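*Asks:* Quick one: the structure is below, questions incoming.
The values are calculated or read from the model by the stated rules, or taken from the named source; none is laboratory data. Worth saying up front: this structure is predicted, and the values here are computed from it rather than measured. In this analysis, Cβ positions are derived from the backbone assuming ideal geometry, glycine residues included, and neighbour counts consider all displayed protein chains. Areas reflect the complete protein model, heavy atoms only, side chains present, ligands, DNA and RNA absent. Shrake-Rupley method; radii C 1.70, N 1.55, O 1.52, S 1.80 Å.
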Amino acid sequence: MPLVGMKSLFLKVGGLFAAVGVIFLIVSAVLFQKQADFAAKAARAQGTVTELIRHVERDRDRARSTVSYTAVIVFSDKSGRRREFSEAVRSNPPRFSEGDDVPVLYDPARPSHAVVDDFWGRRGVMTIFLGLGAIFSTLGTIILAVDLTRRRKISRLMREGRPVDADFLHVFRDTRTTRNDDHPFRVVAQTTDPKTGRLRRFESEEIWVDPTQQLTGRKLRVLLDPADPRRYHVDLSDIMTSED
(Lines give C-alpha, C1' and ligand atoms only; values in the text may rest on other atoms or scores of the structure.)
Protein backbone atom coordinates (compact mmCIF):
# COMPACT_ATOMS: atom_id res chain seq x y z
CA MET A 1 0.00 0.00 0.00
CA PRO A 2 1.31 3.44 -0.83
CA LEU A 3 2.33 5.46 2.16
CA VAL A 4 1.25 8.92 1.07
CA GLY A 5 -0.91 10.83 -1.35
CA MET A 6 -1.54 14.44 -2.16
CA LYS A 7 1.23 15.67 0.12
CA SER A 8 0.86 19.32 -0.78
CA LEU A 9 -2.92 19.14 -0.54
CA PHE A 10 -2.69 17.72 2.99
CA LEU A 11 -0.34 20.56 3.89
CA LYS A 12 -2.58 23.22 2.37
CA VAL A 13 -5.82 21.89 3.83
CA GLY A 14 -4.27 21.29 7.24
CA GLY A 15 -2.69 24.73 7.25
CA LEU A 16 -5.94 26.36 6.14
CA PHE A 17 -7.98 24.60 8.82
CA ALA A 18 -5.44 25.47 11.50
CA ALA A 19 -5.29 29.12 10.38
CA VAL A 20 -9.09 29.46 10.32
CA GLY A 21 -9.24 27.83 13.76
CA VAL A 22 -6.70 30.28 15.18
CA ILE A 23 -8.64 33.22 13.69
CA PHE A 24 -11.87 31.98 15.27
CA LEU A 25 -10.13 31.54 18.62
CA ILE A 26 -8.73 35.07 18.42
CA VAL A 27 -12.19 36.44 17.58
CA SER A 28 -13.58 34.50 20.55
CA ALA A 29 -10.95 35.99 22.86
CA VAL A 30 -11.66 39.51 21.58
CA LEU A 31 -15.40 39.01 22.09
CA PHE A 32 -14.78 37.68 25.60
CA GLN A 33 -12.76 40.77 26.51
CA LYS A 34 -15.34 43.11 24.98
CA GLN A 35 -18.11 41.37 26.88
CA ALA A 36 -16.16 41.60 30.12
CA ASP A 37 -15.61 45.34 29.57
CA PHE A 38 -19.27 45.80 28.67
CA ALA A 39 -20.52 43.90 31.74
CA ALA A 40 -18.29 45.96 34.04
CA LYS A 41 -20.02 49.23 33.11
CA ALA A 42 -23.48 47.96 32.06
CA ALA A 43 -26.73 48.87 33.77
CA ARG A 44 -29.50 46.38 34.43
CA ALA A 45 -33.15 46.53 33.45
CA GLN A 46 -36.15 44.28 33.03
CA GLY A 47 -37.21 43.67 29.45
CA THR A 48 -40.16 42.06 27.69
CA VAL A 49 -40.17 39.98 24.51
CA THR A 50 -42.50 41.74 22.10
CA GLU A 51 -41.88 39.77 18.92
CA LEU A 52 -40.16 36.74 17.48
CA ILE A 53 -38.57 37.35 14.09
CA ARG A 54 -38.59 34.28 11.84
CA HIS A 55 -35.57 33.84 9.57
CA VAL A 56 -35.71 31.46 6.61
CA GLU A 57 -32.52 30.47 4.82
CA ARG A 58 -32.92 28.39 1.68
CA ASP A 59 -30.32 25.84 0.64
CA ARG A 60 -30.68 25.52 -3.13
CA ASP A 61 -28.26 22.61 -3.38
CA ARG A 62 -30.25 20.49 -0.93
CA ALA A 63 -33.64 21.96 -1.84
CA ARG A 64 -34.57 22.66 1.75
CA SER A 65 -34.93 25.59 4.13
CA THR A 66 -33.57 26.30 7.59
CA VAL A 67 -35.74 28.28 10.00
CA SER A 68 -34.46 30.17 13.06
CA TYR A 69 -35.81 32.86 15.39
CA THR A 70 -34.55 35.95 17.16
CA ALA A 71 -36.38 37.79 19.93
CA VAL A 72 -37.17 41.50 19.85
CA ILE A 73 -36.95 42.88 23.40
CA VAL A 74 -38.21 46.16 24.81
CA PHE A 75 -37.00 47.74 28.05
CA SER A 76 -36.86 51.14 29.73
CA ASP A 77 -33.52 52.75 30.56
CA LYS A 78 -32.80 54.74 33.72
CA SER A 79 -34.30 57.88 32.20
CA GLY A 80 -37.52 56.00 31.48
CA ARG A 81 -37.04 56.06 27.74
CA ARG A 82 -38.28 53.02 25.83
CA ARG A 83 -35.53 51.02 24.14
CA GLU A 84 -35.66 48.09 21.76
CA PHE A 85 -33.10 45.59 20.51
CA SER A 86 -32.91 42.20 18.78
CA GLU A 87 -30.85 39.29 20.03
CA ALA A 88 -27.64 38.49 18.15
CA VAL A 89 -28.12 34.72 18.47
CA ARG A 90 -30.65 32.84 16.36
CA SER A 91 -32.14 29.57 17.51
CA ASN A 92 -34.75 26.95 16.70
CA PRO A 93 -36.79 26.42 18.74
CA PRO A 94 -36.87 30.06 19.89
CA ARG A 95 -35.33 30.77 23.28
CA PHE A 96 -38.32 32.84 24.42
CA SER A 97 -41.99 33.32 23.78
CA GLU A 98 -43.76 36.61 23.19
CA GLY A 99 -44.58 38.26 26.52
CA ASP A 100 -41.70 36.66 28.42
CA ASP A 101 -39.89 38.87 30.92
CA VAL A 102 -36.10 38.75 30.53
CA PRO A 103 -33.20 40.44 32.37
CA VAL A 104 -31.31 42.97 30.27
CA LEU A 105 -27.84 44.51 30.40
CA TYR A 106 -27.32 47.76 28.50
CA ASP A 107 -24.67 50.41 28.03
CA PRO A 108 -25.77 53.59 29.91
CA ALA A 109 -23.85 55.74 27.40
CA ARG A 110 -25.40 53.92 24.46
CA PRO A 111 -28.62 52.22 25.63
CA SER A 112 -29.31 50.74 22.21
CA HIS A 113 -26.35 48.44 22.89
CA ALA A 114 -28.07 45.80 25.01
CA VAL A 115 -28.09 42.03 25.54
CA VAL A 116 -30.17 39.50 27.42
CA ASP A 117 -28.46 38.93 30.75
CA ASP A 118 -27.98 35.16 30.53
CA PHE A 119 -25.29 32.84 29.20
CA TRP A 120 -26.40 32.79 25.55
CA GLY A 121 -27.24 36.46 25.52
CA ARG A 122 -23.85 37.51 26.86
CA ARG A 123 -21.60 34.75 25.57
CA GLY A 124 -23.52 32.99 22.79
CA VAL A 125 -21.61 34.46 19.84
CA MET A 126 -18.31 34.05 21.66
CA THR A 127 -19.14 30.40 22.41
CA ILE A 128 -19.94 29.72 18.74
CA PHE A 129 -16.59 31.16 17.64
CA LEU A 130 -14.82 29.27 20.42
CA GLY A 131 -16.40 25.98 19.35
CA LEU A 132 -15.62 26.54 15.68
CA GLY A 133 -12.07 27.57 16.55
CA ALA A 134 -11.53 24.43 18.60
CA ILE A 135 -12.93 22.20 15.84
CA PHE A 136 -10.97 23.79 12.99
CA SER A 137 -7.74 23.98 15.01
CA THR A 138 -8.02 20.34 16.04
CA LEU A 139 -8.77 19.13 12.51
CA GLY A 140 -5.95 21.24 11.08
CA THR A 141 -3.49 19.94 13.65
CA ILE A 142 -4.51 16.33 12.96
CA ILE A 143 -4.18 16.77 9.19
CA LEU A 144 -0.77 18.43 9.56
CA ALA A 145 0.37 15.69 11.94
CA VAL A 146 -0.74 12.99 9.49
CA ASP A 147 1.08 14.76 6.65
CA LEU A 148 4.24 15.14 8.75
CA THR A 149 4.14 11.44 9.69
CA ARG A 150 3.75 10.43 6.05
CA ARG A 151 6.58 12.68 4.94
CA ARG A 152 8.83 11.19 7.60
CA LYS A 153 7.97 7.66 6.44
CA ILE A 154 8.84 8.55 2.86
CA SER A 155 12.09 10.18 3.99
CA ARG A 156 12.96 7.05 5.97
CA LEU A 157 12.20 4.78 3.03
CA MET A 158 14.30 6.96 0.72
CA ARG A 159 17.20 6.48 3.15
CA GLU A 160 16.68 2.94 4.40
CA GLY A 161 14.26 1.24 2.01
CA ARG A 162 15.27 -1.85 0.06
CA PRO A 163 15.25 -0.82 -3.62
CA VAL A 164 13.78 -3.06 -6.32
CA ASP A 165 13.38 -2.34 -10.03
CA ALA A 166 9.83 -2.54 -11.34
CA ASP A 167 8.45 -2.39 -14.87
CA PHE A 168 6.23 0.56 -15.68
CA LEU A 169 2.76 -0.66 -16.66
CA HIS A 170 0.44 2.31 -17.02
CA VAL A 171 -1.01 5.44 -15.46
CA PHE A 172 -4.63 5.63 -14.35
CA ARG A 173 -6.97 8.35 -13.13
CA ASP A 174 -7.92 7.84 -9.50
CA THR A 175 -11.60 8.80 -9.38
CA ARG A 176 -11.72 8.08 -5.66
CA THR A 177 -10.13 11.46 -5.04
CA THR A 178 -11.34 14.83 -6.31
CA ARG A 179 -9.66 18.20 -6.16
CA ASN A 180 -11.18 21.23 -7.88
CA ASP A 181 -13.45 18.88 -9.86
CA ASP A 182 -10.39 17.01 -11.15
CA HIS A 183 -8.90 13.59 -10.38
CA PRO A 184 -5.22 12.79 -9.77
CA PHE A 185 -3.11 10.19 -11.55
CA ARG A 186 -1.39 7.12 -10.13
CA VAL A 187 1.55 5.30 -11.69
CA VAL A 188 1.35 1.50 -11.72
CA ALA A 189 4.39 -0.77 -11.88
CA GLN A 190 5.11 -4.43 -11.22
CA THR A 191 8.03 -6.72 -10.57
CA THR A 192 8.79 -10.18 -9.27
CA ASP A 193 9.01 -10.22 -5.51
CA PRO A 194 12.54 -11.44 -4.71
CA LYS A 195 11.32 -13.27 -1.61
CA THR A 196 8.19 -15.01 -2.93
CA GLY A 197 8.95 -15.17 -6.66
CA ARG A 198 5.48 -13.87 -7.41
CA LEU A 199 4.52 -10.82 -9.43
CA ARG A 200 3.71 -7.85 -7.28
CA ARG A 201 1.88 -4.65 -8.24
CA PHE A 202 2.76 -1.18 -6.95
CA GLU A 203 0.88 2.10 -7.13
CA SER A 204 2.44 5.51 -6.67
CA GLU A 205 1.07 8.30 -4.53
CA GLU A 206 -1.34 10.67 -6.27
CA ILE A 207 0.19 13.11 -8.75
CA TRP A 208 -1.45 15.85 -10.80
CA VAL A 209 0.28 15.39 -14.17
CA ASP A 210 0.26 12.40 -16.52
CA PRO A 211 3.84 11.07 -16.82
CA THR A 212 3.02 8.26 -19.28
CA GLN A 213 5.25 9.64 -22.04
CA GLN A 214 8.26 9.97 -19.75
CA LEU A 215 7.82 6.53 -18.16
CA THR A 216 6.98 4.32 -21.14
CA GLY A 217 9.54 1.54 -21.44
CA ARG A 218 11.33 2.53 -18.24
CA LYS A 219 12.13 0.80 -15.01
CA LEU A 220 10.94 2.41 -11.79
CA ARG A 221 12.66 2.25 -8.44
CA VAL A 222 10.42 1.01 -5.63
CA LEU A 223 11.62 1.23 -2.04
CA LEU A 224 10.36 -1.50 0.28
CA ASP A 225 10.23 -1.15 4.04
CA PRO A 226 12.70 -3.73 5.45
CA ALA A 227 10.51 -4.16 8.54
CA ASP A 228 7.25 -4.50 6.61
CA PRO A 229 7.56 -5.11 2.84
CA ARG A 230 3.86 -4.30 2.44
CA ARG A 231 4.87 -0.68 2.88
CA TYR A 232 6.57 0.89 -0.08
CA HIS A 233 7.23 4.07 -1.99
CA VAL A 234 7.35 4.40 -5.78
CA ASP A 235 10.19 6.83 -6.40
CA LEU A 236 9.24 9.35 -9.10
CA SER A 237 11.68 12.02 -7.95
CA ASP A 238 13.75 11.87 -11.14
CA ILE A 239 10.80 12.89 -13.33
CA MET A 240 8.59 14.91 -10.98
CA THR A 241 9.13 18.42 -9.71
CA SER A 242 7.69 19.55 -6.37
CA GLU A 243 3.90 19.71 -6.46
CA ASP A 244 2.19 23.01 -5.79
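*Asks:* Given Cβ point charges of +1 (Lys, Arg) and -1 (Asp, Glu) and nothing else, what value in debye, to the nearest 20, does the dipole of the chain about its Cα centre take?
*Replies:* Roughly 480 debye, rounded to the nearest 20.
*Asks:* What's the FRET efficiency of Ala39 with Ser86 using the Cβ-Cβ distance as r and R₀ = 25 Å, to the nearest 0.05?
*Replies:* That gives a FRET efficiency of 0.80.
*Asks:* Using a 1.4 Å probe over the heavy atoms of the protein chains, calculate the carbon and sulfur portion of the accessible area of the chain as a whole percent.
*Replies:* Its accessible area is 53 percent carbon and sulfur atoms.
*Asks:* Could you give the accessible area per residue of the chain, probe 1.4 Å, as a whole number in Å²?
*Replies:* Dividing the accessible area of the chain by its residue count gives 61 Å².
*Asks:* If you plug each phi of region 124-136 into the Karplus form 6.51 cos²θ - 1.76 cosθ + 1.60 with θ = phi - 60°, what whole-Hz ³J(HN,Hα) values come out, in order, with x for Gly and Pro?
*Replies:* Once rounded to whole Hz, the list reads x, 5, 4, 5, 4, 5, 5, x, 4, x, 5, 5, 5.
*Asks:* Which semi-axis lengths, in whole Å and largest first, follow from the square roots of five times the eigenvalues of the Cα gyration tensor of region 1-141?
*Replies:* Values for region 1-141, descending: 39, 21, 10 Å.
*Asks:* Right, next: Which order do Phe168, Phe119 take by accessible area at a 1.4 Å probe, largest first?
*Replies:* Accessible-area ranking of Phe168, Phe119, largest first: Phe119, Phe168.
*Asks:* Moving on. Which three numbers, in whole Å and largest first, are the semi-axes of the equivalent ellipsoid of region 142-244 derived from its Cα gyration tensor as √(5λ)?
*Replies:* So the equivalent ellipsoid measures 22, 19, 12 Å along its semi-axes.
*Asks:* Give the angle, between 0 and 90 degrees and rounded to the nearest 10, that separates the Cα long axis of helix 7-41 from the longest principal axis of the Cα atoms of the chain.
*Replies:* Around 20 degrees separate the two axes.
*Asks:* Only helical DSSP H runs with n ≥ 4 go in: add -39500 (n - 2.57) per run for the chain, normalise by residue count and round the 222 nm mean residue ellipticity to 500 deg cm²/dmol.
*Replies:* Value at 222 nm, helices only, nearest 500: -12000 deg cm²/dmol.
*Asks:* For the chain, how many pairs of lysine residues have a Cα-Cα distance under 20 Å, where the two are 8 or more positions apart or belong to different chains?
*Replies:* Lysine pairs satisfying the spacing and distance rule in the chain number 4.
*Asks:* Once the convex hull of the alpha carbons of region 49-114 is built, what does its volume come to per residue, in cubic angstrom?
*Replies:* Here the figure is 88 Å³ per residue.
*Asks:* Could you order the peptides 134-140, 184-190 from most to least packed, using the average number of other C-beta atoms within 10 Å per residue?
*Replies:* Highest mean packing first, the order is 184-190, 134-140.
*Asks:* Here's something else I'd like to know. Which of Gly47, Asn92, Val74 sits farthest toward the positive end of the charge dipole of the chain, with +1 on the Cβ of Lys and Arg and -1 on the Cβ of Asp and Glu?
*Replies:* Highest projection toward the positive end goes to Asn92.
*Asks:* If you compute mean projected area of the Cα convex hull in nm² for the structure shown, which of (1) 13.4; (2) 19.5; (3) 14.5 do you land on?
*Replies:* Comparing each candidate, only (2) matches the computed number.
*Asks:* Can you tell me the Rg and the Dmax, both Å, for the Cα atoms in region 173-226?
*Replies:* 13.5, 42
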